[in-house]
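Working notes, beginning with the structure itself.
The values are calculated or read from the model by the stated rules, or taken from the named source; none is laboratory data. Quick caveat: nothing in here was measured; it's all calculated off a predicted structure. Don't worry about glycine lacking a Cβ; one is built from the backbone with ideal geometry, like all the others, and counts go over all protein chains shown.
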Number of protein chains: 2
Amino acid sequence: MAEYSIGVDLGGTNLRAAAISTSGEILASISGRAELKAGRDAVIGDMVNAIVKLRDQVGGVLAGIGMGVPGFIIIEKGVIVGSPNLPAFDGYALRDDIEKRLGATVVLENDANAAALGEKWIGAGKDVNDMVLLTLGTGIGGGIISGGRVLHGHVGMAGEIGHMTVVPDGNPCGCGNRGCLEKHASATAISGMAKIIGLGADLTSEQVFNLAVGGDEKAKRIFEAMGKALGIALATLVNIFNFPLYVLSGGPLPAWDFFAPAMLQETRSRSFTFRNTETKIVKAILGNEAGLYGAAYLPVLARKS
Amino acid sequence: MAEYSIGVDLGGTNLRAAAISTSGEILASISGRAELKAGRDAVIGDMVNAIVKLRDQVGGVLAGIGMGVPGFIIIEKGVIVGSPNLPAFDGYALRDDIEKRLGATVVLENDANAAALGEKWIGAGKDVNDMVLLTLGTGIGGGIISGGRVLHGHVGMAGEIGHMTVVPDGNPCGCGNRGCLEKHASATAISGMAKIIGLGADLTSEQVFNLAVGGDEKAKRIFEAMGKALGIALATLVNIFNFPLYVLSGGPLPAWDFFAPAMLQETRSRSFTFRNTETKIVKAILGNEAGLYGAAYLPVLARKS
């Protein structure tokens, strides 16, 4: 019988799960709301039900279950900590609980890391072993893949790309820093810049994009500023890692043509390594599915170690 | 018979070599000038003579020879490229040549990476597997140790810590960037700041240090500025890697008490991860010997793979 694994993507609003073959084909999937208000046990129950449903539907040999969750993961314990979206799970032995209920191997991973792993497995990074993913959203998340695996750091907090300093005296950030990348290049930052330069008080990044498409010069300048901030961060990443690939994903990606020229120009001028090596900065190709693919890849990868 | 390896440290001015036991004890050492003007063959001859001398002197089982050299190393080819100090070696098959002459395994490594490996093996990082070394000198070099090994990147150019952007509109750098860390925190940068703020036109970083010791406020402010720049870079490194240890080495280290308070304050305020994890920023302890130890460790480590 064919082997497969189940990936679960637990977000602040949605719960998705998919059975995926070990060659990366989606065999079945389920998606619904994450009923966080109903409490931790209800959410765990929903996850277990979704997994059981997929398992019954697909048949075959289950290699294991991978779960991408927002928050830091204490890898060796299989525990989530410090997730603003999942306070009820803080410190809870989620991995062991689900393993016990299902009798299958469970691997937890931070959602941005899972997305990076998904892009590496079957997306923009499928030809490399070393890459960095930057996810542009409310904030900017990141995942670093080194030697084909997630770089975790000593307590699983590596990859906080969104909190790299790009403007030392820049916009204050909730993390305590000033001028974090995510304060200058996330979807939220785009809205914020639109307000500051008088383009509009409550514009989404998508609305700013539509204005840029329509030829609005202020909207275009916002994406240029965003591209510059991304370029400063990317140049530093290239100088530090000398990885062959840097992948961008997230909501503002359709605005690529407005921010990428400034981004690439800035990276080029700030990184000797970028100018002198084969280094690519590209769009992600799996979109919202990246985390689901990456989660499903976790138990497959765990067996390789 | 006891096993040992030979480390070679080839710099722009000095050539040093040492026979070191696999437990890190120096058994014998040689140091002299690197006679680069005499040409490539003469330098290679000097290295081979030094190695043979050590081998004859020490006896025992030679595990291999490691060499730290300034420049990029194409690891799989054992070739040095783009070294301003060693133009005659550019593209030359140095590893294979020395292996042939001596009948022993040779491993080449960039000098900053070798120093990082030395500190990891037997110095400030001996209790960790993941660390970053920053070497403050004319420029700022760096070496990243991940999982006990040097992080090379795809063509061996990883670890260019000195070219992280810390001041986007800062001092221009030879690499094409502005505001590189090494333009704001190296020994050269200290001399440069002394000139700019009118402390003196041709002061070495050591002289600026002596003025600070004597109570000179301008000299103190220079080290504060240096500490701030280091802190911006360190916060970004901590946010990216979440490694437990960051080690500083180099000439300006005696000025630690003048630059470290600003450095640590800046790192603390800019890194959530630094404030919430056990993360150390410390002085290197091997000094100039780090590269020699790291070079000797290379063949030992190569056998572990």
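Could you tell me whether region A:105-113 includes any residue that is closer than 29 Å to A:E206 by Cα, at pLDDT 90 or above, buried (at least 16 other Cβ atoms within 10 Å of the Cβ) and of a type in the set (A, V, I, L, M, F, W, C)? First the steps, then the outcome.
Step one: list which residues in region A:105-113 are closer than 29 Å to A:E206 by Cα, which gives A:110-113.
With at pLDDT 90 or above added as a condition, the list becomes A:110-113.
Checking which are buried (at least 16 other Cβ atoms within 10 Å of the Cβ) leaves us with A:110-113.
Applying the additional criterion that residues be of a type in the set (A, V, I, L, M, F, W, C) yields A:112.
Scanning region A:105-113, I find at least one residue that is closer than 29 Å to A:E206 by Cα, at pLDDT 90 or above, buried (at least 16 other Cβ atoms within 10 Å of the Cβ) and of a type in the set (A, V, I, L, M, F, W, C), so the answer is yes.
Do you know which residues across region A:193-227 are of a type in the set (V, I, T) and either outside the structural domain of A:G251 (by TED's automatic domain parsing) or under 22 Å from A:L134 (Cα atoms) (or both)?
A:T204, A:V208, A:I222
If we keep just the residues of region A:234-261 that are of a type outside the set (A, V, I, L, M, F, W, C) and within 30 Å of A:D216 (Cβ to Cβ), which is farthest from the other protein chains (Cβ to nearest Cβ)?
The selected residue is A:P254.
Looking at (1) in a helix (DSSP H, G or I); (2) modelled with pLDDT under 95; (3) more than 21 Å from the chain's Cα centre (by Cα), find the lone condition where A:A302 falls short.
Exception for A:A302: condition (3).
Among (1) loosely packed, with under 15 Cβ neighbours inside 10 Å; (2) modelled with pLDDT of 95 or more, which single condition is B:F223 missing?
Only one criterion in (1) loosely packed, with under 15 Cβ neighbours inside 10 Å; (2) modelled with pLDDT of 95 or more is unmet by B:F223, namely (1).
Within region B:201-209, identify whether any single residue is farther than 27 Å from B:L117 by Cα and either within 12 Å of chain A (Cβ to nearest Cβ) or modelled with pLDDT under 95 (or both), and answer yes or no.
Looking for residues that are farther than 27 Å from B:L117 by Cα and either within 12 Å of chain A (Cβ to nearest Cβ) or modelled with pLDDT under 95 (or both), one finds at least one in region B:201-209, hence yes.
I'd like the full set of residues that are farther than 30 Å from A:V150 by Cβ and either part of a loop (DSSP other than H, G, I, E, B) or of a type in the set (G, A, S) (or both), limited to region B:234-253. If you could, list the steps in order and put the result at the bottom.
Initially, region B:234-253 is screened for residues farther than 30 Å from A:V150 by Cβ, giving B:250-253.
Residues satisfying the conditions are B:G250, B:G251, B:P252.
In region B:266-302, which residues are within 14 Å of chain A (Cβ to nearest Cβ) and among the basic types (K, R)?
Residues satisfying the conditions are B:R268, B:R270, B:R275, B:K280.
Of all residues in region B:144-155 being more than 7 Å from every other protein chain (Cβ to nearest Cβ) and in contact (Cβ under 8 Å) with a residue 40 or more places away in the chain, which is farthest from A:N239 (Cα to Cα)?
Among residues in region B:144-155 that are more than 7 Å from every other protein chain (Cβ to nearest Cβ) and in contact (Cβ under 8 Å) with a residue 40 or more places away in the chain, the one farthest from A:N239 (Cα to Cα) is B:G148.
Determine whether region A:130-139 contains at least one residue that is within 11 Å of chain B (Cβ to nearest Cβ) and surrounded by fewer than 24 Cβ atoms within 10 Å (Cβ to Cβ). First the steps, then the outcome.
Within region A:130-139, the subset within 11 Å of chain B (Cβ to nearest Cβ) is A:130-132.
Retained after the next criterion (residues that are surrounded by fewer than 24 Cβ atoms within 10 Å (Cβ to Cβ)): A:130.
Within region A:130-139, one or more residues are within 11 Å of chain B (Cβ to nearest Cβ) and surrounded by fewer than 24 Cβ atoms within 10 Å (Cβ to Cβ).
Of the residues that sit in region A:175-190 and are more than 9 Å from chain B (Cβ to nearest Cβ) and of a type in the set (D, E, K, R), which one is surrounded by the most Cβ atoms within 10 Å (Cβ to Cβ)?
A:E182
For region B:52-61, check the following and say yes or no: at least one residue is hydrophobic (A, V, I, L, M, F, W, C), surrounded by 17 or more Cβ atoms within 10 Å (Cβ to Cβ) and in contact with a helix residue (DSSP H, G or I) (Cβ under 9 Å, 6 or more places away or on another chain).
No - not one qualifying residue is present in region B:52-61.
Residues are listed down the side, and each one gets a yes or a no for (1) outside the structural domain of B:A63 (by TED's automatic domain parsing); (2) under 18 Å from the mean Cα position of the chain (by Cα); (3) buried (at least 20 other Cβ atoms within 10 Å of the Cβ):
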site: B:Y92; (1), (2), (3): no, no, no
site: B:S146; (1), (2), (3): yes, yes, yes
site: B:M164; (1), (2), (3): yes, yes, yes
site: B:C173; (1), (2), (3): yes, no, yes
